[in-house]
Amino acid sequence: MLQQVNGHSSGSAAHSGESLREDLQEFLGGEAPLQQLDDLTKVNPVTLETVLRCLQARYTADTFYTNAGCTLVAMNPFKPVPQLYSPELMQEYHAASQPQTLKPHIFTVGEQTYRNVKSLMEPVNQSIVVSGESGAGKTWTSRCLMKFYAVVAASPTSWESHKVAERIEQRILNSNPVMEAFGNACTLRNNNSSRFGKFIQLQLNGAQQMTGAAVQTYLLEKTRVACQAPSERNFHIFYQIYKGAHAEERVRWCLPEGATFSWLPRPERTLEEDCFEVTREAMLHLGIDAPTQNNIFQALAGLLHLGNTQFADSGNEAQPCPLVDDAQCSVGTSALLLGLPEDHLLETLRIRTIRAGRGRQVFRKPCSQAECDTRRDCLAKLVYARLFDWLVSVINSSICAAPDSWTTFIGLLDVYGFESFPNNSLEQLCINYANEKLQQHFVAHYLRAQQEEYAVEGLEWSFVSYQDNQPCLDLIEGSPVSICSLINEECRLNRPSSAAQLQTRIESALTGHPRLGRDRLSPEPSFIVLHYAGPVRYCTRGLVEKNKDPVPPELTRLLQQSQDPLLKVLFPADPEEKSQEEPSGQNRTPVLTVVSKFKASLEQLLQVLHGTTPHYIRCIKPNSQAQAQIFHREEVLSQLEACGLVETIHISAAGFPIRVSHRNFVERYELLRRLRPATTPGHHGLYPDGGRSEHPPCTEPATLQGLLQEILHALPAPLHCGRTKVFMTDSTLELLERGRAQVLEQCARHIQRGWRRHRCRTQARRRRAAVLIQAAVRSWLTRKHVQRLHAAATVIKRAWREWRIRMAFLASEELDGVEEKHSSQAPCSPSSSPLPLAQTGLQGAITRLWPLGLALANAAVGVHGFQRKLVVFACLQLPVGSPRSCAIQTAQEQAGVLSIRALPQGSIRFHCRKSPLRYADTCPGPSPDSVTGFNQILLERHRPGHV
Ligand code: ADP
Ligand code: MG
């Protein structure tokens with residue numbers, strides 16, 4: 001990128017030279033390169049030269065914003081830097097936890113004010129004073145801030161309120177082109193110079209959403225309508241209509257292409273501000289419809305034609321001044337466009353009516369040529385000023401919220417900067433007076449109040465000497481004698497005033513004043529005021545007239561008779577007004593001079609500012625040619641001097657801008673005691689008088705002091721403790737806040753840890769309890785089961801015993817018969833009596849037989865034939881291998897069981913017979929009623945509900 005420093009072209013070679021210099025500087029000084037210093041308080045040492053070098057280095061590196069303690073310095077880039085104002089960047093600053101840690105920007109100031117409003121700490125209302133020379137970027141900065149608030153002060157959740165905020169935002173932004181078209185003009189210093197002061201109040205509701213806005217304007221430079229300095233222009237709107245009107249409109253407004261107007265100098269020069277369509281569009285959005293717009297532009301065209309009404313000298317006092325060549329046509333057109341009767345207009349411009357005598361008789365006196373010109377100019381100024389005020393009221397009614405719908409506000413003051421031209425008049429006196437007032441507000445709020453507070457709090461402090469501009473203000477507005485009072489008095493005396501006379505009066509009345517100077521070489525009668533920003537020479541010629549701003553009553557009466565709908569609104573017939581505008585010599589009502597009106601509105605503004613937390617943005621113009629990348633050291637230096645930036649930096653660097661009462665400090669930072677190291681060598685807090693405790697710092701309870709002491713002991717940051725307040729720097733505050741965040745984080749971790757531990761313990765306890773309950777239930781179930789098995793076994797045992805007894809009985813009965821048969825066939829030896837033997841075998845067989853019964857009953861379904869036999873064999877413990885030796889006859893397959901018995905006398909033959917227990921052959925399935933004994937047990941086991 002091609003860069004220029006001080007107007008010298010610098011290609012890559014220059015750039016590499018620059019970087020080499022930076023490297024060298026870094027190597028030798030071990031300090032960060034100047035362009036990296038975000039805060040001018042870090043420049044070492046703080047002198048005009050070092051501050052200037054730092055700003056230049058940053059400007060060259062395309063860094064346009066720099067902090068200067070409590071003030072933000074904004075260098076005008078004089079080129080579009082869209083990425084610097086993108087919505088994404090706005091969001092970044094809005095979302096940042098600490099916007100101060102981001103790069104310096106107007107959004108930091110915007111966000112800070114917004115957060116202050118949110119915090120509801122007194123004073124809740126905020127104001128941003130944007131100051132600087134004409135063309136330094138004040139209006140641009142205010143515009144960007146408004147866009148920023150429009151983005152951040154809208155509800156992200158509520159669609160309805162978002163819409164309202166968007167509408168308000170659009171209207172506020174639309175008010176800009178309209179006010180700039182009517183109130184800005186191209187001057188020697190700035191193509192878009194605001195010729196009025198503007199205080200915009202952005203109104204916020206309880207949820208800090210923008211609900212409306214109000215605009216207050218100050219001192220429109222209305223003389224510009226009729227009189228433009230060489231190489232300057234009239235208000236933009238005249239050029240916009242002249243260049244942007246459609247053919248049909250040109251006819252309607254009598255503005256033929258190429259027409260020349262004496263009040264429209266330099267029409268050939270085209271500026272980007274000459275955009276008629278933008279103004280029209282914005283007016284439409286503000287509720288000014290097309291017919292009203294047409295009416296406005298027609299009246300303005302009428303004023304242009306009025307400007308072409310030139311008078312010649314009549315040469316006879318009794319005769320009205322004649323018009324120059326084609327002026328008659330201009331008067332006619334002007335009268336037509338303003339809805340006035342032509343002859344009446346001409347008569348009012350040329351003839352003065354005087355009421356005199358007891359009967360208030362009316363005398364008509366032809367005016368001189370100069371008087372005619374003055375009356376003409378006065379008429380134009382009157383119409384334009386009323387039109388401007390009406391526009392402001394329309395804008396306000398369009399953007400202002402209902403009084404109960406907003407609670408807080410952020411004020412943006414975009415006020416004309418300090419001005420010094422070769423010839424300065426009343427306008428410059430008022431503008432520079434306003435700048436002095438604002439400077440004093442800054443000094444009073446920031447510097448003097450701070451130093452006085454240190455003294456009251458008993459802090460040891462090497463006071464920085466600052467340039468207090470109170471003497472200058474005393475010279476301009478003081479009482480009983482000051483420049484303003486003298487000019488006002490001249491107006492009240494209502495005598496023909498001479499410039500030299502006024503100069504003499506000022507010099508003699510204020511002789512010896514340190515801020516009053518005199519230019520003895522000047523041919524023009526003048527006086528010099530040594531302003532804080534430099535000396536300015538004011539010409540006394542026309543000063544009294546301008547201050548009087550006399551409006552001949554005939555002019556007002558004339559305009560009240562207009563048939564034009566707009567002029568009817570601007571000049572309603574009002575009898576009170578009539579009496580007010582009588583010349584002061586003819587009635588005794590005190591004259592409201594321009595200076596006294598301006599002073600009153602300024603006091604009002606300062607009262608508003610005093611009730612807010614002020615923030616300052618100092619705009620600096622790097623060159624007067626409005627060229628990008630050019631840094632004129634001398635011009636910047638004079639601006640730095642003018643705004644007392646070095647003093648501000650000195651105090652910011654050495655002082656303690658943050659002041660917190662003991663109670664608030666303890667409340668907020670009490671938790672920092674946790675940071676206290678095990679061994680504290682001594683506290684860093686400095687008490688007044690070097691920490692000697694002979695003065696109890698305040699009458700707060702001892703506990704508060706004790707806590708305060710403990711906190712101060714625990715802190716690693718240097719801060720000073722006054723009698724009632726704790727003083728600290730921004731960096732200390734940052735440190736404290738970081739410590740607080742750290743402690744809070746620790747606490748949060750402790751809480752989390754405790755909660756997790758508690759949760760784990762609870763879970764473990766629950767798990768153990770669940771296991772216990774499960775074990776208990778299982779053991780209970782098992783016990784139940786075992787009990788049931790026991791019961792079943794008992795039943796089985798009982799049944800088995802009964803069955804065995806019965807079988808034994810049956811067997812014995814059966815065997816009784818066999819025995820009888822045997823004994824009859826073969827007598828036995830008494831030693832080997834077969835009966836007991838058979839009986840024993842039977843007993844054994846029977847004993848083994850019951851499992852057989854069980855086995856058969858329980859045998860898996862489908863086990864038949866040989867397998868079944870095997871089962872039986874296994875149950876009976878018979879050898880399977882010799883089928884010959886034993887043959888089992890099972891009639892089971894055919895007809896139930898049966899009894900199986902071994903034959904007596906050790907024979908391994910079994911005799912199976914149908915058991916007397918079996919149920920009837922005919923019965924297909926077991927009948928519960930018919931089932932008895934062993935079979936019953938088996939059946940019970942097979943019953944579905946059996947456990
Ligand atoms: P002031 O209100 O102080 O008289 P302006 O705000 O009208 O000055 O700025 C003058 C010109 O400087 C603007 O028209 C614009 O072209 C340019 N300018 C100012 N600030 C910036 C900026 N931040 N970025 C780009 N251009 C700027
Ligand atoms: Mg401006």
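Looking at (1) in contact with a strand residue (DSSP E or B) (Cβ under 9 Å, 6 or more places away or on another chain); (2) surrounded by fewer than 18 Cβ atoms within 10 Å (Cβ to Cβ), which one does Asp325 not meet, given that it meets all the others?
Failed condition: (1).
So if I check each of Glu180, Glu232, Glu169, which one is closer than 16 Å to Leu391 by Cβ and among the charged types (D, E, K, R)?
None of the other options fit; the residue is Glu180.
Could you please let me know if Ile506 is of a type outside the set (Phe, Trp, Tyr), free of Cβ contacts under 8 Å to residues at least 40 places away in the same chain and open to solvent by less than 10 Å² (accessible area, probe 1.4 Å)? Break it down into steps so the answer makes sense when it comes.
Values: of a type outside the set (Phe, Trp, Tyr): yes; free of Cβ contacts under 8 Å to residues at least 40 places away in the same chain: yes; open to solvent by less than 10 Å² (accessible area, probe 1.4 Å): yes.
Yes, satisfied.
Report, ordered by the first and then the second residue, all pairs with beta carbons closer than 8 Å, sequence separation of six or more or different chains, a first member in region 125-152 that is closer than 25 Å to Arg167 by Cβ, and a second member that is of a type in the set (Lys, Arg) and more than 7 Å from ligand 1 (Cβ to nearest atom).
These pairs meet every condition: Ser142/Lys198.
Mind listing whichever residues of region 608-647 are within 22 Å of Gln112 (Cα to Cα) and more than 16 Å from ligand 1 (Cβ to nearest atom)?
Scanning region 608-647 gives Val608, Leu609, His610, Gly611, Thr612, Thr613, Pro614, His615, Leu645.
Residues that are more than 13 Å from ligand 1 (Cβ to nearest atom) and surrounded by 23 or more Cβ atoms within 10 Å (Cβ to Cβ): list the strands (runs of 3 or more DSSP E) wholly contained in region 60-152 that include at least 3 such residues. Reasoning before the result, please.
Values: elements: 65-68, 71-75, 126-132.
Here the list reads 65-68, 126-132.
Return yes when Glu419 is assigned to a loop (DSSP other than H, G, I, E, B) and within 16 Å of ligand 2 (Cβ to nearest atom) and no when it is not. Talk me through it step by step, then tell me what you get.
On the way: assigned to a loop (DSSP other than H, G, I, E, B): yes; within 16 Å of ligand 2 (Cβ to nearest atom): yes.
Against the criterion (assigned to a loop (DSSP other than H, G, I, E, B) and within 16 Å of ligand 2 (Cβ to nearest atom)), Glu419 qualifies.
Where the second residue is of a type outside the set (A, V, I, L, M, F, W, C) and within 12 Å of ligand 1 (Cβ to nearest atom) and the first is without any contact (Cβ under 8 Å) to a residue 12 or more places away in the chain and lies in region 64-85, which pairs have Cβ atoms under 8 Å and are six or more apart or on separate chains?
Pairs found: none.
Out of (1) among the aliphatic types (A, V, I, L, M); (2) modelled with pLDDT under 90; (3) closer than 21 Å to Glu490 by Cβ; (4) open to solvent by less than 50 Å² (accessible area, probe 1.4 Å), what's the single condition that is false for Leu592?
For Leu592, the exception is condition (4).
Among all residue pairs at least 6 apart or on different chains, which show Cβ distances below 9 Å where the first residue, located in region 186-202, is touching a residue at least 40 places away in the same chain (Cβ under 8 Å) and the second is open to solvent by 30 Å² or more (accessible area, probe 1.4 Å) and within 11 Å of ligand 2 (Cβ to nearest atom)?
Final answer for the pair search is Arg189/Glu133; Asn190/Glu133; Asn192/Trp140.
Given the criteria in contact with a strand residue (DSSP E or B) (Cβ under 6 Å, 6 or more places away or on another chain) and aromatic (Phe, Trp, Tyr), does Phe418 qualify? Steps first, please.
Numbers: in contact with a strand residue (DSSP E or B) (Cβ under 6 Å, 6 or more places away or on another chain): no; aromatic (Phe, Trp, Tyr): yes.
No; evaluated as a whole, the condition is false for this residue.
Of the conditions (1) out of contact with any strand residue (DSSP E or B) (no Cβ under 8 Å at 6 or more places or on another chain); (2) at pLDDT 85 or above; (3) of a type in the set (Lys, Arg), Lys578 satisfies every one except a single condition; which number is it?
Result: Lys578 passes all but (2).
Please verify whether Gly417 is modelled with pLDDT of 85 or more and open to solvent by less than 10 Å² (accessible area, probe 1.4 Å), treating the condition exactly as stated. Let's see the steps before the verdict.
On the way: modelled with pLDDT of 85 or more: no; open to solvent by less than 10 Å² (accessible area, probe 1.4 Å): yes.
No: the conditions fail for Gly417.
Please list, ordered by residue number, the helices (runs of 4 or more DSSP H) wholly in region 154-252 having 1 or more residues that are within 14 Å of ligand 1 (Cβ to nearest atom) and among the acidic types (Asp, Glu).
Values: elements: 159-183, 236-244, 247-252.
Those helices (runs of 4 or more DSSP H) span 159-183.
Which condition number in (1) open to solvent by less than 40 Å² (accessible area, probe 1.4 Å); (2) out of contact with any Cys (no Cβ under 8 Å at 6 or more places or on another chain); (3) closer than 30 Å to Arg167 by Cβ is the one that Arg250 fails?
Among (1) open to solvent by less than 40 Å² (accessible area, probe 1.4 Å); (2) out of contact with any Cys (no Cβ under 8 Å at 6 or more places or on another chain); (3) closer than 30 Å to Arg167 by Cβ, the lone unmet condition for Arg250 is (3).
For region 228-240, state whether one or more residues are surrounded by fewer than 20 Cβ atoms within 10 Å (Cβ to Cβ) and within 16 Å of ligand 2 (Cβ to nearest atom). If you could, list the steps in order and put the result at the bottom.
Step one: list which residues in region 228-240 are surrounded by fewer than 20 Cβ atoms within 10 Å (Cβ to Cβ), which gives 229-232.
With within 16 Å of ligand 2 (Cβ to nearest atom) added as a condition, the list becomes 232.
Checked region 228-240: at least one residue is surrounded by fewer than 20 Cβ atoms within 10 Å (Cβ to Cβ) and within 16 Å of ligand 2 (Cβ to nearest atom).
Here are Ala449, Ala455, Ala434: which of them is modelled with pLDDT under 75 and either in contact with a Gly (Cβ under 7 Å, 6 or more places away or on another chain) or surrounded by fewer than 16 Cβ atoms within 10 Å (Cβ to Cβ) (or both)?
Values: Ala455 fails: modelled with pLDDT under 75; Ala434 fails: modelled with pLDDT under 75.
Result: Ala449 is the single residue among Ala449, Ala455, Ala434 that is modelled with pLDDT under 75 and either in contact with a Gly (Cβ under 7 Å, 6 or more places away or on another chain) or surrounded by fewer than 16 Cβ atoms within 10 Å (Cβ to Cβ) (or both).
The values are calculated or read from the model by the stated rules, or taken from the named source; none is laboratory data. Since the structure is predicted, the reported quantities are computational estimates derived from the model, not experimental observations. Backbone-built Cβ (ideal geometry, glycine too); neighbour counts: all protein chains shown. We work out accessible area using only protein heavy atoms, side chains counted, and drop any ligands, DNA or RNA first. Shrake-Rupley method; radii C 1.70, N 1.55, O 1.52, S 1.80 Å.
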